[in-house]
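Reviewing the structure listed below.
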Amino acid sequence: MGTALDKTVWPLAGRPVIGWVLDAFAAARGIDEIVVVANTDNLEVVRGEIDARPELPPATACLGGATRAESVAAGVARLSPDVDLVLIHDAARPLVTPELIEAGIAAAARWGAVVAAVPVADTIKQVGPDGQVLTTLPRDDLRAAQTPQVFRRDWLLAAYADAGTDLHAFTDEAGLLERSGRVVHVYPGSHENLKLTTPADLTVAEAILRRRLDEVVR
């Protein structure tokens, strides 16, 4: 983003990014509890956003680790023992909807391990270190993975045990489950469920949010 401010608390259409995410989870059915994984710089802002939403299911914040995988593991460790399905969502995807969350829960209840994903619109080239095109991948078979990703808790914990000291190397939990031998299914994501990566993404996200708010007013 070219800024020291964490994406989780970046202002988006008048509130921190994490606020939009929490609003979606407050409106979704099937969420029993929430753990927001934070760092030392944004922990107090995150706690303030949680406290400002009494309509949330029981929610707390905890500190994460040095990598995404370690941070998610820290959040999973804070869940109550009776939680059967773990839904993982990137705070940097503020346009998630209650419907997308609920669809992930329903799909995981059927399959045990699911990932929101969308068809790839661009032609994807695999290239070598010198920039030479090695092959063109068949686009019809490709999907761009998003979050939510939802897993049976026992499968996820077993995958953590299998990964051991290699946990830090995984960029998402679906890959972790795949490495442990589990079959992961995709369910329909949304092209609006974008991840904030560059300043241009903030502009697009704000436009989508304002359109949604206008539709509610109408």
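The values are calculated or read from the model by the stated rules, or taken from the named source; none is laboratory data. Computed from a predicted structure; not experimentally measured. Here Cβ is always computed from backbone atoms with ideal geometry, including for glycine, and neighbour counts include all displayed protein chains. The accessibility values were calculated without ligands, DNA or RNA, using every heavy atom of the protein model including side chains. Shrake-Rupley method; radii C 1.70, N 1.55, O 1.52, S 1.80 Å.
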Look through Leu95, Leu100, Leu85 and report the one residue that is of a type in the set (A, V, I, L, M, F, W, C) and touching a Leu at 6+ places or on another chain (Cβ under 9 Å). Leu95
Can you tell me which residue within the range 26-45, out of those that are assigned to a loop (DSSP other than H, G, I, E, B) and among the small types (Gly, Ala, Ser), is most open to solvent (accessible area, probe 1.4 Å)? Gly30
Selection within the range 170-187 - closer than 22 Å to Lys7 by Cα and either part of a helix (DSSP H, G or I) or open to solvent by less than 90 Å² (accessible area, probe 1.4 Å) (or both): Phe170, Asp172, Glu173
Quick count over the range 1-25, residues being among the hydrophobic types (A, V, I, L, M, F, W, C), surrounded by 14 or more Cβ atoms within 10 Å (Cβ to Cβ) and not in a helix (DSSP H, G or I), is 4
So in the range 188-212, with the set limited to residues that are open to solvent by 80 Å² or more (accessible area, probe 1.4 Å) and assigned to a helix (DSSP H, G or I), which one is nearest to Ala92 (Cα to Cα)? Thr203
Just one of (1) surrounded by fewer than 16 Cβ atoms within 10 Å (Cβ to Cβ); (2) aliphatic (A, V, I, L, M); (3) touching a residue at least 12 places away in the same chain (Cβ under 8 Å) trips up Ala92, so point out which. (1)
Give the range 56-72 a look and list any residue that's open to solvent by 30 Å² or more (accessible area, probe 1.4 Å) and in a strand (DSSP E or B), or say none. Ala59, Thr60, Leu63
Restricting attention to the range 3-17, does a residue exist that is acidic (Asp, Glu) and closer than 21 Å to Ala145 by Cβ? no
Run down Arg53, Arg78 and say which single residue is open to solvent by 20 Å² or more (accessible area, probe 1.4 Å), modelled with pLDDT of 95 or more and under 15 Å from Val21 (Cβ atoms). Arg53
